[in-house]
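Presented below is the structure to which this report refers.
Just so you know, all these numbers are worked out from the coordinates, no wet-lab data involved. What you see is a predicted model, and the numbers here were worked out from it, not measured in a lab. Note that we place each Cβ from the backbone using ideal geometry, even for glycine, and neighbour counts take in every protein chain shown.
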Amino acid sequence: MRQSLRVKLLYSFMLVIAILIVGVSLGVSLLVKEQMMSTKERELVVKGYELSRFVSTLYQQPGDTEGLEEFLSGADRFLGARVWVVDTNGQVVAMSSETAAMTTPRRHRMMGGGHHNGNMGGAFSGGIGVLRREMDTVFAGNVWTRTYESPFYKEQMIMAAIPIVSEEGKVSGAVLLHVPVTGINEAMKQIYYYIGAVGLAAILVALLIVSRLTQGIIRPLKDMEKTAADMAKGDYSSRVVVGSEDEVGSLGNALNSLAQDLEKTVAELNHMEKLRRDFVANVSHELRTPLTIIRGYNEALLDGTVEGGEGARRYYELISRETSRLERLIQDLLDLSRLQSNRLVMDKEWLPLPAIAEGVIHMLTQRAEQQQVTLSLEAPPELPEIWGNGDRITQVLLILMDNGLKYTPAGGKLQVLLTHEQAAVCLKVADTGAGIPPEDVPYIWERFYKVDKSHNRANEGTGLGLAIAKQILELHQAQVSVESQVGQGTVFTICFSAIRT
Ligand code: ADP
């Protein structure tokens, strides 16, 4: 099973807290215990000195063990410490009654073993062996403290041994003070309880923090998981709600911008795919129409529906017209596809625009006269040459002027104006024709776009002319603009910035 982030985080927190608590407890208990013990030891030493001075006087009269023991018992109750007096041989001379009561059977045995002379080594029961060596330092006049597992009391005791020094300065024995460690352990227990309570509180707080944290991490992660899944399914509109500025937040932002990029790219791809499909549909339509017409006329001729030389001749003429229309269409399509292919390299040279315009006007003069449209050319005497392909610029001008003628009624004018602007040479083709409705202006450059959607056969256009012109002008880095007024006329302006000054 997948382990959730929440559980992992919780485990880590618990581990850290557990380590902290154990560490702190160990540290604190060591420190505090040592502190308490050394304080206790110092206290015992101080009290032991006081005691040893009293004992020293009492101890002067050998035989009065009873008196001594009574005094020791008083001291025991007062100090809360077991008191022994030993002589320089390591033999116990007297013990506080607290000890005596506790060890009655033994004491009796020991007492029975010869009272004062009884070697209290029995009482130490091996302990004296360990003690004796150190006791020598005490008999040499030093204080000695230790904490040990007392074989006599069967528990941990803090012990302080203080020499008994007589008035003459001689060491005549030692006072041994014993305090059980249990008191300290009790105090330590309090501390452990406290640490335990703090630990428990820490764990609760950790639980709270972890759930808050994971809320802040898991929710956005789940969100992202969903967004990614949506994206995989092809839905790029899904977004992550980014609520924080940490790594999770920036991951969310990255995912959002990825989704946005993909959304855009896919929209673009879809748009291009639509354009391609429209184009194929348009091409098919444009090809089928003349073919249908040709077949119709041809069948009429074949089955003899049309009789007589004049009628048949008219049909042959129509077939011929549709055939050349097909030819033109295919030529335009080939042209467009060649211009759009990125591999196209165009030969360019410095071209005099007035000469090109004159050539095109010359080509169209006859047609213009037939249509009763006046052609004119205006050009300044000194016009810089432009950098371009002569045939292609001629083609553009032909397309524009052909349109001008097509859409200008008899009596109208079609003008070509050449001007020298600051850093460009501009060519204007202005007619006084039908004009283009403003809503159509942005689309006239598209393939197969025709303002007159009725597909009027009289209008010979393929709808590819301006698309071809646009491609050629793009390859010349020329700027194009159109101004048109319905019923007034249209002005196409092309500016070339690659000029020879
Ligand atoms: P077509 O071969 O149909 O002329 P074009 O691409 O050359 O195709 O032109 C696209 C459309 O733009 C035309 O169908 C026409 O409606 C409009 N148009 C172009 N030039 C003119 C003009 N000078 N006056 C009015 N309409 C024009």
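Annotations for the structure displayed:
- Pairs from K40/K170; K274/K450; K233/K264; K406/K450; K348/K470 whose Cα-Cα separation, in the structure shown, is over 20 Å: K40/K170
- Here the peptides 161-169, 241-249 are ranked by packing, the mean other Cβ count within 10 Å, and the order with the highest first is 161-169, 241-249.
- Residue exposure proxy: D235, D402, D347, ordered by other Cβ atoms within 10 angstrom of their Cβ from fewest to most, comes out as D347, D235, D402.
- Remark: C-alpha extents of the range 331-421 on the principal axes read 44, 36, 20 Å, sorted largest to smallest.
- For the range 349-356, backbone phi angles converted through the Karplus equation (6.51, -1.76, 1.60; θ = phi - 60°) give residue-by-residue couplings of 8, 6, 10, x, 4, x, 5, 4 Hz, Gly and Pro being listed as x.
- Taking the range 149-271 and dividing mean pair separation by its residue count, relative contact order in percent (alpha carbons under 8 Å, at least six apart): 14 percent
- Net lengthening on full extension, A254/L302 (0.36 nm per residue, minus Cα-Cα): 10.2 nm
- Using a Förster distance of 25 Å, the FRET efficiency for Y11-A187 (Cβ separation, nearest 0.05): 0.15
- Label-reachable residues, the range 329-346, where backbone N falls under 19 Å from a point 7 Å from V283's Cα toward its Cβ: 329-344
- For the range 468-484, putting each phi into the Karplus relation 6.51 cos²θ - 1.76 cosθ + 1.60 with θ = phi - 60° gives couplings of 5, 4, 4, 4, 4, 5, 4, 5, 9, 6, 9, 9, 10, 8, 10, 10, 8 Hz, in residue order, rounded to whole numbers and with x for Gly and Pro.
- Summed residue charge, Cβ within 14 Å of R42's Cβ, Lys/Arg positive, Asp/Glu negative: -1
- Seen against the Cα atoms of the chain and their longest principal axis, helix 247-302 is set at about 20 degrees.
- Taking the C-alpha atoms only, the angle from helix 127-139 to the longest principal axis of the chain is near 80 degrees.
- Ordering E382, E43, E273 from the fewest to the most neighbouring beta carbons within 10 Å gives E382, E273, E43.
- Positive minus negative residues near E385 (Lys, Arg vs Asp, Glu; Cβ under 13 Å): 0
- Cα-projected label distance for V480 with E247, points at 7 Å along beta-carbon direction, nm: 5.4 nm
- Computed over the chain: relative contact order in percent, which uses C-alpha pairs under 8 Å that are six or more apart: 10 percent
- Cβ-defined net charge surrounding L351, 13 Å radius [Lys, Arg +1; Asp, Glu -1]: -2
- Shape metrics for the chain, restricted to C-alpha atoms - Rg then Dmax, Å: 58.6, 175
- Modelled spin labels at R42 and Y148, positioned 7 Å past Cα toward Cβ, are 2.4 nm from each other.
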